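The values are calculated or read from the model by the stated rules, or taken from the named source; none is laboratory data. Since we're looking at a predicted model, the values are computed, not measured. Cβ sites come from the backbone with ideal geometry, for glycine too, and all protein chains shown count toward neighbours. To get the accessible areas, we keep the full protein, side chains included, count just its heavy atoms, and leave off ligands, DNA and RNA. Shrake-Rupley method; radii C 1.70, N 1.55, O 1.52, S 1.80 Å.
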Amino acid sequence: MTPWLETVVVALWTMLPAYVPNNAAVLSGGGRPIDAGRTLNGRRLLGDGKTWRGTAVGTGVGVALALVLDAAAPAVGDALGVPLPSFPLPAAVGLALGAMLGDIGASFLKRRLGRERGAAVPGLDQLDFVVGALLLAALLAPQWVAATFTPPRLLVVVVATPVLHVVTNVGAYLLGLKNEPW
Ligand code: CTP
Ligand code: MG
């Protein structure tokens, strides 16, 4: 494998526990909104699109995926000829819960900007969960983040994530799983 392809593979593998929570939340969302209907200056704090169930299931699925990836890493790494990183529990929780919190933080910002639930904010929608995941992982597992997210891998994450996000959300929309294609 060429070095740059190896960088892409490792970067995306490492971010999988942060990528999956939002999609799991879409599939499992519903029930009580986190803000319980509360408003700030006449606008919802977060909106009906951020629920306890979606957040809990999303986080749980992300952490569970990290455990599965840990178990699969030696065999997959061998087959690809690439050493794949493992996920210490604090790193897994940081990536999965951080992704959800980043998305929730973005909804808070969107409501303050007067955007209703479901409104698209290009850039924010595609990177909110990356920022949240990296920040919380850096807080809970600083040495792991420093060793794992080398500058080239970080660059891959920032460039490739928006593309993956657009592709999966358009896919989820076409499958009727999501109300908007973003
Ligand atoms: N979802 C959830 N809990 C979360 C995140 C998402 O229940 N923490 C579910 C909701 O059913 C939500 C759907 O996933 O409607 C799509 O997520 P997202 O696009 O992030 O929410 P929007 O409904 O578009 O709301 P917002 O404008 O606040 O992003
Ligand atoms: Mg949305």
Compactness index (Cα Rg / 2.2 N^0.38 Å), region 92-135
1.13
With label points set 7 Å from each Cα along the Cα-to-Cβ direction at Val170 and Ala64, the distance between them in nm comes to 3.0 nm
Let me understand region 97-182 better: what is its radius of gyration from the alpha carbons, and its Dmax, in angstrom?
14.2, 41
Which value, in Å², gives the accessible area per residue of region 3-174 when a 1.4 Å probe is used on the protein heavy atoms?
49 Å²
For the chain, what is the mean residue ellipticity at 222 nm derived from helices alone (per DSSP H run of n ≥ 4: -39500 (n - 2.57); sum divided by total residues; nearest 500 deg cm²/dmol)?
-24000 deg cm²/dmol
Cα gyration tensor shape for the chain, rounded if a/c is under 1.5, else prolate or oblate
prolate
At a Förster radius of 22 Å, what calculated FRET efficiency corresponds to the Cβ-Cβ distance of Ala72 and Met1, to the nearest 0.05?
0.80
Computed lengthening from Arg117 to Ala147, 0.36 nm per intervening residue step minus Cα-Cα distance:
7.1 nm
Evaluate the distance, in nm, between pseudo-label points positioned 7 Å from the Cα of Arg53 and of Leu154 along their respective Cα→Cβ axes.
3.9 nm
Carbon-plus-sulfur fraction of the accessible area of the chain, 1.4 Å probe, in percent?
69 percent
Over region 53-182, what is the relative contact order in whole percent, taking alpha-carbon pairs under 8 Å and six or more residues apart?
23 percent
Rounded to the nearest 10 degrees, the helix 124-140 long axis (Cα) sits at an angle to the longest Cα principal axis of the chain of 60 degrees
